[in-house]
Every structure is written in C-alpha cells, then in structure tokens.
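The values are calculated or read from the model by the stated rules, or taken from the named source; none is laboratory data. Keep in mind that what you see is a predicted model, and the values were worked out from it rather than measured. When we count neighbours, we look across all protein chains shown, and the Cβ atoms used for this are built from the backbone with ideal geometry, even at glycine.
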Amino acid sequence: MIQNLVRPNINRLTPYSSARSEFKGKAEVFLDANESPYETGYNRYPDPLQWKLKQAISTLKGIAPEHIFLGNGSDEAIDLLLRIFCEPGADHIIILPPTYGMYRVSADISNVAVKEIPLRPGSFQPDVEAVLAEADAHSKLLFICSPNNPTGNSIRPGLIRELTKGFPGIVVVDEAYIDFSAQESAIRLLPEYSNLVVLQTFSKAWGMAGIRLGMAFASEEIIGYFNKVKPPYNINQLTQEAALKALDKQEAQEAQVKQLLGQRTLLQQYLGGLPFAERIYPSDANFLLVKVEDPTGIYNYLVDRGIIVRDRSRVTLCEGCLRITVGTPEENERLFRALVEFE
Ligand code: PMP
C-alpha cells in the first residue's frame, strides 16, 4: 500500500488544476490568471501538466503519459520524493555510496536521516542482504543509481529486482546515464513493482542540461503524489518547446551518443596506456573513473593547462580516483596530450 508510505499532510493535498486546462476549447477569453493580454509568445502560463511533451516522451519510452512526471531536472524529482515520503526527524533514506551527492543534499535540506550501505569494493554492486537487513518501516526511500555516478558501472538487473521486491519503502532507480549503457531500463519492471520509481533526464545523452528537464516514471498513484506537491508551473514554456524540438530529431541525439561511446572507448585505451594510470574502471556512462598514482598532482597539473576534471580521491572506495567526463574528440585529444607530458 503506497498510500501508507506517504506523509499524512501530502495525502490531504489536492493537485493544482488550471482553468486553462479545464476550459480548453470551451472558452476564448481568459481573464482568470492575471496574465498580460499582450501577445509575446510567452504571456500565458505554460501547461502545468505538460501533456504535449508527455505524449512525445510516452511514445519514445513506451509508457503511458499518466505514468510520467516531469521535473525541473531530475534533481527536482529527488527533492519531491523526499517531501512526499519522508517525515523529517522520523524517517530515513538509504543510499549506496559512493553515489550521486544530491540524495544526501536533499535529505539534509529536508532534515531526513541518511543510512549508508556502501557498494561492494571492486565490483561496486550493492550488498542486497545488508540493505534489506538495515531496512525497517521508517526506510521510506532507497536510491539505486544505475549506471552509478561516480563509479560508472550499472547495477545488475537481478539485484535491482531483489532490492525492489524486499524493500519496504519506495525504490528509486536513477538512470541519468542509461542511454550510454547497453543495459535495459528498469522502466520495464514498473508493471511488476508498485514501489518503483525510475528517474531519467534530458541533461546527459540529450545534451540539454541547460533546459532543466528530468523525468520520473512510476505507477499512476505515485505520479499523482508528485502532482500534488509540485509547483504549479515547474516546467517553463521554453523548456517544453525545446524538449519537443529535440524529441523530433531523435536521430541527431542517437548519432551523438554513438560518437560519444566511440570516444569513451578511445579514452579508455589512451588512459590505460599511461604509466601512472593504475586502473580504468569499466564505464556504462559518459565519464570514466580512473585510479592514478597522484590524483591531486594530476588534477592541479590539468588545471594549469586549462582542463578541469573531478577529483574524487577523498571519496570512500574511490581513493586515488579522478572522474573524467568524455568530451569532444578535440577535447579528449587535448586531455591526452597534456597527460602524456605529465611526469
Ligand atoms: N542523477 C545523477 C546520477 C546525476 O549524475 C545527475 C547530474 N549530475 C542527476 C541525477 C541530475 O540530473 P538533472 O540535471 O536532471 O537534475
């Protein structure tokens, strides 16, 4: 029963409904929302439920629009999940470090405790027994990042299933990097598990981090809770239009992903040949986790040459590691030329 997991105050809310949607096609004069009457292309509030965009995403993903929530980045979906399910001071979330930092940031902002069950060293796969042993009635959310940031690996589908089956709260599979992976999306598990939420984003493979558009896929019931708590106009009109345009040119996105994957392989080979590179972790994402002899030295050396990577060497289980995003062929070439000269 999902309803029993939701905070009581959320259950009492009703979703925002706009007169614009209610009277669509039935009225011509809208004097209800204190908008400017002067046509600018943007003088009206945008569609609060983004139906046109959801229909296009529905076609792409093979899932009905009623199972989709759109957020101001997937970061907004993460924040709303905390607010829907976690009672501050009483409930907690479970995360599997090393992982994406925003789960903890959102929990900290909401005054919700965080329990950490580290991924297994080396394989970076979850310890299912340890997670389920830690879970109780106050474990409202479990965040599984697959492919995981910053390690780059996907979480094995069998383990995602076991966790979703055994976890008493909501399991959130964050698939921000899924389009760079050969692994199938957990979206296909939605009909089986009512406690599953899958997150994706336009920020990575779609190349649209600037428009801030994230997606959550879940049961109609869970999407209903998102709609109760979201700000009425969380996706602006420019974003809705830009996303629709991009979805219309899907081949361009696919070609870019293909090129990026080629560059990822090249970069893996390049970096593997460097004497100070101790380990290049396999990646299902658009970045590589690289263990080096002197991470801080290399980081500063690259900064001096105008190249910024991410120093993850102080993150538990990522000791000695840099996280390097795959760039254009020219950018990767420049990185490589700089690294070859490092002593
Ligand atoms: N999840 C993961 C795993 C990420 O790495 C990121 C961004 N770095 C996000 C979510 C946030 O994505 P968005 O831009 O959609 O808020």
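Some notes on this structure:
- Residue in the stretch 168-180 that is within 21 Å of GLY122 (Cα to Cα), surrounded by fewer than 19 Cβ atoms within 10 Å (Cβ to Cβ) and in contact (Cβ under 8 Å) with a residue 24 or more places away in the chain present: no
- Residues satisfying the stated conditions in the stretch 269-296, i.e. touching a strand residue (DSSP E or B) at 6+ places or on another chain (Cβ under 8 Å), in a helix (DSSP H, G or I) and surrounded by fewer than 17 Cβ atoms within 10 Å (Cβ to Cβ): GLY272, THR296
- From the list LEU163, LEU189, LEU244, the one residue that fits, being within 26 Å of ALA133 (Cβ to Cβ) and surrounded by fewer than 19 Cβ atoms within 10 Å (Cβ to Cβ), is LEU189.
- Filtered by the rule that a residue be farther than 14 Å from SER181 by Cα and either free of Cβ contacts under 8 Å to residues at least 12 places away in the same chain or in a loop (DSSP other than H, G, I, E, B) (or both), the stretch 249-268 gives LYS249, GLU251, ALA252, ALA255.
- Residue within the stretch 303-322 that is surrounded by fewer than 18 Cβ atoms within 10 Å (Cβ to Cβ), without any contact (Cβ under 8 Å) to a residue 24 or more places away in the chain and small (Gly, Ala, Ser) present: yes
Matching residues to (1) charged (D, E, K, R); (2) under 21 Å from ARG212 (Cβ atoms):
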site: GLU66; (1), (2): yes, no
site: LEU70; (1), (2): no, yes
site: GLY73; (1), (2): no, yes
site: GLU76; (1), (2): yes, yes
site: LEU81; (1), (2): no, yes
site: ILE84; (1), (2): no, yes
site: ASP91; (1), (2): yes, no
site: PRO98; (1), (2): no, no
site: ARG104; (1), (2): yes, yes
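- Conditions (1) at pLDDT below 95; (2) surrounded by 15 or more Cβ atoms within 10 Å (Cβ to Cβ); number of the one not met by ILE144: (1)
- Once the stretch 92-106 is narrowed to residues that are over 21 Å from PRO168 (Cα atoms) and without any contact (Cβ under 8 Å) to a residue 12 or more places away in the chain, the residue that is farthest from the ligand (Cβ to nearest atom) is VAL105.
- Filtering the stretch 27-58 to residues that are touching a residue at least 40 places away in the same chain (Cβ under 8 Å) and in a helix (DSSP H, G or I) leaves LYS52, LEU53, ALA56, ILE57.
- Check on ILE223, assigned to a helix (DSSP H, G or I) and either within 16 Å of the ligand (Cβ to nearest atom) or in contact with a Leu (Cβ under 9 Å, 6 or more places away or on another chain) (or both): no
- All positions within the stretch 226-246 that are in contact with a Phe, Trp or Tyr (Cβ under 9 Å, 6 or more places away or on another chain), more than 14 Å from ASP47 (Cα to Cα) and more than 16 Å from the ligand (Cβ to nearest atom): LYS228
- Annotation: of all residues in the stretch 74-91 being over 17 Å from PRO147 (Cα atoms) and not hydrophobic (A, V, I, L, M, F, W, C), the one that is nearest to the ligand (Cβ to nearest atom) is GLU76.
- The stretch 59-73 - residue that is in contact with a strand residue (DSSP E or B) (Cβ under 9 Å, 6 or more places away or on another chain) and in a helix (DSSP H, G or I) and, of those, farthest from the ligand (Cβ to nearest atom): HIS67
- Among (1) more than 19 Å from the chain's Cα centre (by Cα); (2) assigned to a helix (DSSP H, G or I); (3) touching a residue at least 12 places away in the same chain (Cβ under 8 Å) - the single one ALA243 does not satisfy: (1)
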